[in-house]
Structure formats: C-alpha cells, structure tokens
Amino acid sequence: MKKDKLFWLHIKKSAGISTRKMLYPLYTEVDRVERPACFIQSMEEEYNDILNNYRVVLGQYQFRRCLFAQKFLYPQDFDRHLRVAFSRNPYDRCLSQFFYLWNKKRRLKQQLRLRLSMARQLKFRGVFRYDFTRFLDAIEECQESPANSSPYGLHFQTHTAAMWPDIVDDHGRCLLDVIFRLEDLLPGVNHVRTALGQQPLDEAEAVHSNKSQKSFFEIPRDQKRKIENLFSKDFEIYEGMCARFGGSSF
C-alpha cells in the first residue's frame, strides 16, 4: 500500500515544537491548550495532533498511542501512513525532563503538587544530585502505579513515560515504519517530507524552538544505572532500532 499520509508520534521532551513546525504542511496542528478538542468532533487530519496532546485522556491506551491509532483512529488505512518518531538519548531525555518538570522556576505552578508531595516525605534537600535521584524515584513510582494520573499527576506521568510501550502492539512488534535519532532531526524530517511529496528544508529553515543549553551536570554511575533500569527498552530503541544517515539505511 502506498504511503501518502503522515503519522508522527511525539515523544515528550524530544523537540516537539520544532518538529511540528518543520513537518508543516504534512502535519496539522490544533489548539492543545485553551480548548483542546476530542476525536469525535474533529477532522481526521487533526487526529494526530490530538493524540499527541497529553491532556486528551485515552484510558488504558494512555501510554499505548500507536496501538490506539491503529485500532481506533485509522483502522482502515493505518498502513497508508508513513509512521515516524524521533528517539532521544535516554540520559539526555531524563535530564531534560528534570529541568522541565522539577528544576525550572517558571514551572513552579505546574510542579507545586509534585514538590509538596515529595516534601511531605522529607525527600527534598535543594542539592542538585540528591534532587535528581528523588526525581528518578518519582518516575519509578509512576511506572509501578496502576493509575494514569497518580501519584504525581498526568502531566508528570506523560512527560516521563517510556517510549517503548507507545510504539509497539500487544506482541511487542514495532508499529512505526522508521525511528530517527533526535540528533538527526533535520535529515529525518527531510526524509519524511521528500517521501510524502514536499520540498526538503535547508539548514536555514530548520527550527530550534526551546533548545536548552547543555547541563554541566555529569550523571553519576549509580544514577545512570537507575535510568538504564527505568528505560531499558528505550536504550534498545536508541541504540539498535534507529535509522542512521550515512549508513546502510539511507
């Protein structure tokens, strides 16, 4: 079946704003904040962006979005979609999650519930290394929780969710056609644009929204092991499943 539509799965803290802009006009954006829509009231071309909005409740499919898309959004033409995602190094993604959810002053309102909950258990000391450990502990609690929005809320849980469950079916088979590493954002986007009949972007047109500065924090070995345990399958994606430019795939 010919691929003539796009399905892009946004993995949180992996250049979502930039990717949306660079995929235009193949990808249709909707209001995701003020009046977020649901599927039943929307056109099919808007489904993808609705699915990528963490505010939209998916029940048992909250962290199984590719499977949700296959079963409910595009049951007749799922294979017509060029299905792509970008994988970020899990170490870098965890640090980005930490700064976004926990350590940024401008996020105080969003993190208030989380910080108060942890503070009640005397788990905050204001020491960066210690707080990062507590942050990883919070991710572990969420992964062990049967609920989508507890113990630290849906925003926290969706932004720290592992990539693997989101991209596979019930048998562990990947439902995406191609996964690019995040550092290959521009060539990955251009591969998609070219495959679907759009002009590629040049370097000057590449978007770098919300590009954070590199942290000087060196992750200690014990915290790296913790991240490796929390996101073991995501390391498999990043190390072994991503298409690489300049290699045999392209």
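Observations on the model:
- Close pairs from the stretch 48-60: first assigned by the TED database to the domain that holds Lys12, partner surrounded by fewer than 21 Cβ atoms within 10 Å (Cβ to Cβ) and among the acidic types (Asp, Glu), Cβ under 9 Å, at least 6 apart: Asp49/Glu29
- Subset of the stretch 236-250 (residues that are closer than 18 Å to Val192 by Cβ, at pLDDT below 95 and open to solvent by 60 Å² or more (accessible area, probe 1.4 Å)): Arg244, Phe245, Gly246, Ser249, Phe250
- Positions within the stretch 23-38 being crowded, with 17+ Cβ neighbours inside 10 Å and either of a type in the set (Asp, Glu) or farther than 23 Å from Leu82 by Cα (or both), in sequence order: Ala37
- From the options Ile179, Ile167, Ile139, residue that is within 18 Å of Asp222 (Cβ to Cβ) and open to solvent by less than 10 Å² (accessible area, probe 1.4 Å): Ile139
- Residue pairs meeting the criteria (Cβ under 7 Å; at least 6 apart or on separate chains; first β-branched (Val, Ile, Thr), in the stretch 220-239; second crowded, with 17+ Cβ neighbours inside 10 Å and not in a helix (DSSP H, G or I)): Ile237/Ser87; Ile237/Met163; Ile237/Ile179
- Scanning the stretch 79-103 for residues that are more than 14 Å from the chain's Cα centre (by Cα) and closer than 30 Å to Asp4 by Cβ turns up Asp79, Arg80, His81, Leu82, Arg83.
- Qualifying residue in the stretch 204-212 (condition: at pLDDT below 95, β-branched (Val, Ile, Thr), open to solvent by 20 Å² or more (accessible area, probe 1.4 Å) and in a loop (DSSP other than H, G, I, E, B)): yes
- Breaking point among (1) modelled with pLDDT of 95 or more; (2) in contact with a His (Cβ under 9 Å, 6 or more places away or on another chain), for Glu46: (2)
- All helices (runs of 4 or more DSSP H) inside the stretch 59-131 with 1 or more residues being modelled with pLDDT of 95 or more: 65-68, 90-101
- Answer residue from the stretch 142-164, given it is of a type in the set (A, V, I, L, M) and out of contact with any Leu (no Cβ under 9 Å at 6 or more places or on another chain) and is nearest to Phe217 (Cα to Cα) among those: Ala161
- Applying a threshold of 6 Å to beta carbon distances and a minimum spacing of six or more residues, or different chains, the list of pairs starting in the stretch 134-146 at a residue that is touching a residue at least 12 places away in the same chain (Cβ under 8 Å) and ending at one that is assigned to a helix (DSSP H, G or I) and among the basic types (Lys, Arg) reads Leu136/Lys226.
- Helices (runs of 4 or more DSSP H) lying entirely in the stretch 147-196 (those with 1 or more residues that are farther than 17 Å from Tyr238 by Cβ and not aromatic (Phe, Trp, Tyr)): 154-159, 185-195
- Figure legend. Inter-residue proximity from the stretch 188-202: first residues not assigned by the TED database to the domain that holds Arg20, second residues of a type outside the set (D, E, K, R), beta-carbon distance below 8 Å, spacing 6+ or different chains. No pairs are indicated.
The values are calculated or read from the model by the stated rules, or taken from the named source; none is laboratory data. The structure presented is a predicted model; accordingly, all values stated were derived computationally and were not measured. Reconstructed Cβ throughout: ideal geometry from the backbone, glycine too, with neighbour counts over all protein chains shown. These accessible areas exclude ligands, DNA and RNA; they are computed on the full protein's heavy atoms, side chains included. Shrake-Rupley method; radii C 1.70, N 1.55, O 1.52, S 1.80 Å.
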